[in-house]
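Q: Quick one: structure below, then a few questions.
The values are calculated or read from the model by the stated rules, or taken from the named source; none is laboratory data. Just so you know, these numbers come straight off a predicted model, no measurement behind them. A quick note on method: Cβ atoms are made from the backbone with ideal geometry, for glycine too, and the neighbour counts reach across all protein chains shown. Accessible surface is based on the protein model in full, side chains and every heavy atom, while ligands, DNA and RNA are left aside. Shrake-Rupley method; radii C 1.70, N 1.55, O 1.52, S 1.80 Å.
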Amino acid sequence: MDDTPAIDVRPVTEREIPAWIRALKTGFLKPPTVTDEDVADRRTYLDPSRTLAAFDGDRCVATFRSFPQELTAVGGAPVPADGITQVTVSATHRRRGLLTRMMQMDLAAAKERGDVVATLIAAEYPIYGRYGFGPATSVAEWAVDTRRSGVDRRRAGQPEDGGRVELVDAEYVRKVGPGLHDRHRRLQHGVLDRDERWWQVATGALRPPGQKDWAEPFYAVYRAPDGEVEGLVAYRADDKWSDAKQPDNTATVEWLTAVGPAAERALWTYLCSIDWVTTVKSGWRAPDDLLPLLLPDPRAARLTLHTDWLWVRILDVVRALESRSYPGASGALVLEVVDPGGFAGGRYRLEVDGEAVSCTATRADADLTLGVAELASLWLGEESVVRLAALGRVREERAGAGLAADALLRTSRRPWCPDMF
């Protein structure tokens, strides 16, 4: 018999947080021991009203958490988002609809709050499309052979533009990093906000229980000729030597933030010029990152990862389409949005005339019919309507509507989300 109705899905109480953590660790195949330190740390940032669980009797068998977030739309506007994370269902309770119940509960609350979208990083591709999420950004990583890169190693800290690269400490990063990231996220669509806890953890001022062996990375900033910090990188290096007693070290970038190409060029040149470093691993970068082409020999950068990253679920079509810009585009488009979840379905007319953008409900004939997940993949400019139509995921109701839609929706640079959550 299906005993799903007997399983209680609801927000956790303070008393149930230890059981929730144990189920979370179990779902992610981590040792299920829960310490007082684990509980104390979680209580500093968990919102019990947005921390959902499924209980089979007294046992927590599924977990789900959301938190407030801002996502940068095309053009730089911050959009309120429902960040979803720490989703698990215990192996003993799969295929009972528990994730569906938690997801519906959370998305309904997000819609009621006025969130425009929901976001998540999908551990497995097939799961979240059925809830209206679509892959909205991609991520790439490169490994650079510094010996082949062609970079002039003699002036690593003194870029030709008159700026300079300086090593700094964690305290300085906490001082300048948040402001630099805020500048960056106004320039790059797809980027998320970072709260104070992010900076505390990233610089070692706060060490969650799972990071007891944390060691401080190296930090370097790029200063423009006027002295302003326009780039910041955190990286680590190993200690490896060849059999011939030659250094063969790898520098791994944890994150690199830059607000212009000069800063990017200076920091990548610096990383590729460090003595003893023969390989630079880029960390998570945009799929159209400048990195390979910044090198005199782009073939020195080998692509090691290219995959989907941030997934988005549209909750409010009107606000989503009106929040973004449409650079260089003008025109009108009628979209029939299909949403089995019931949050964003309907027919909408998008009109763009330079900087003037409006989106309204309409009864006019549709130019395109598409699912809400497909709209999410198009919203940040990551995907092409023509490609999705070729895959049978968008239907043209008017000949040529796909090309016209791409002229409105595509962007000159691809969206990028540098963070995991």
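Q: Largest first, what is the accessible-area ranking of 185, 164 with a 1.4 Å probe? Each step should come with its number before you reach the end.
A: Values: 185 15, 164 105 Å².
The ordering from most to least exposed comes out as 164, 185.
Q: Please identify, among 77, 40, 266, the residue showing maximal mean-square fluctuation in a Gaussian network model of the chain using a 10 angstrom Cα cutoff.
A: For the chain, modelled as a Gaussian network with Cα springs under 10 Å, the answer is 40.
Q: Dipole of region 112-271, Cα-centred, from +1 at each Lys and Arg C-beta and -1 at each Asp and Glu C-beta, to the nearest 20 debye?
A: In total the dipole reaches around 120 debye.
Q: For region 305-418, which whole percent of the accessible surface, found with a 1.4 angstrom probe, sits on carbon and sulfur atoms?
A: Working: 2410 of 4900 Å².
Taking all protein chains in place, region 305-418 shows 49 percent carbon and sulfur surface.
Q: Under a point-charge model restricted to the Cβ atoms of Lys and Arg (+1) and Asp and Glu (-1), what is the dipole moment magnitude of the chain relative to its Cα centre, in debye to the nearest 20? Can you show the working numbers first?
A: Details: 54 positive and 62 negative charges, 115 e Å.
With only Lys, Arg, Asp and Glu charged at Cβ, the dipole is about 560 debye.
Q: Using only alpha carbon positions, build the gyration tensor of region 1-143, then give the equivalent ellipsoid semi-axes as the square roots of 5 times its eigenvalues, largest first, whole angstrom. Could you put the intermediate results ahead of the total?
A: Values: eigenvalues 137, 66, 56 Å².
The equivalent ellipsoid of region 1-143 has semi-axes of 26, 18, 17 Å.
Q: Report, for region 229-320, the % of DSSP beta bridges that are antiparallel, rounded to 5. Display every interim value, and only then the final one.
A: Numbers: 8 of 12 bridges.
Antiparallel bridges make up about 65 percent of those DSSP assigns within region 229-320.
Q: Using the crude model of +1 on Lys and Arg Cβ and -1 on Asp and Glu Cβ, and no other charge, please compute the dipole size for region 328-375 relative to its Cα centre, in debye to 20. Mind dumping the intermediate values first?
A: Numbers: 3 positive and 8 negative charges, 33 e Å.
About 160 debye.
Q: Whenever you get a sec, line up 133, 343 from highest to lowest accessible area (probe 1.4 Å, protein heavy atoms). Can you show the working numbers first?
A: Details: 133 0, 343 35 Å².
Ranking 133, 343 by accessible area, largest first, yields 343, 133.
Q: A further question follows. Want the number for residue 196 to residue 355: 0.36 nm per residue separation, take away the alpha-carbon distance, what's left?
A: Numbers: separation 159, 0.36 × 159 = 57.24 nm, distance 3.37 nm.
That pair, residue 196 and residue 355, stretches by 53.9 nm at full extension.
Q: Then there is this: Could you tell me the convex hull volume per residue, in Å³, taken over the Cα atoms of the chain? Don't skip to the end; give the middle numbers.
A: Values: hull volume 73.6 nm³, N = 421.
With only Cα atoms used, the chain gives 175 Å³ per residue.
Q: Could I ask something else about it? From largest to smallest, what semi-axes in whole angstrom does region 180-278 give when each is the square root of 5 times an eigenvalue of its alpha carbon gyration tensor?
A: Working: eigenvalues 140, 89, 21 Å².
After diagonalising the Cα gyration tensor, the semi-axes are 26, 21, 10 Å.
Q: How big is D, in µm² s⁻¹, for region 307-421 by Stokes-Einstein at 4 °C and 1.567 mPa s if Rh is the Kirkwood radius over C-alpha pairs? Write out the running numbers ahead of the final one.
A: Values: Rh = 14.3 Å.
The calculation lands on 90 µm²/s.
Q: Under the Kirkwood approximation for Rh and a Cα-based Rg, what ratio Rg/Rh is obtained for region 1-81? Let's see the in-between values first.
A: Working: Rg = 15.7 Å, Rh = 14.3 Å.
On the Cα set of region 1-81, Rg over Rh gives 1.10.
Q: What whole number of Å gives the distance from the Cα centroid of region 132-197 to the Cα centroid of region 98-126?
A: Region 98-126 and region 132-197 have Cα centres separated by 30 Å.
Q: Using a Förster radius of 22 Å, what is the FRET efficiency between residue 248 and residue 153 based on their Cβ-Cβ separation? Nearest 0.05, please. Spell out each step's value before the answer.
A: Details: r = 16 Å, r/R0 = 0.73.
With a Förster radius of 22 Å, E is 0.85.
Q: Still on this structure, I have one more. Could you sort the peptides 294-303, 308-317 by per-residue average Cβ neighbour count (10 Å cutoff), highest mean leading? Please list the in-between numbers first.
A: On the way: 294-303: 16.1, 308-317: 25.1.
So the peptides 294-303, 308-317, ranked by packing, come out 308-317, 294-303.
Q: Quote to one decimal, in nm, the extra length available between residue 77 and residue 288 on full extension: 0.36 nm per residue of separation minus the C-alpha distance between them. Write out the running numbers ahead of the final one.
A: Values: separation 211, 0.36 × 211 = 75.96 nm, distance 2.14 nm.
My answer for the length gained is 73.8 nm.
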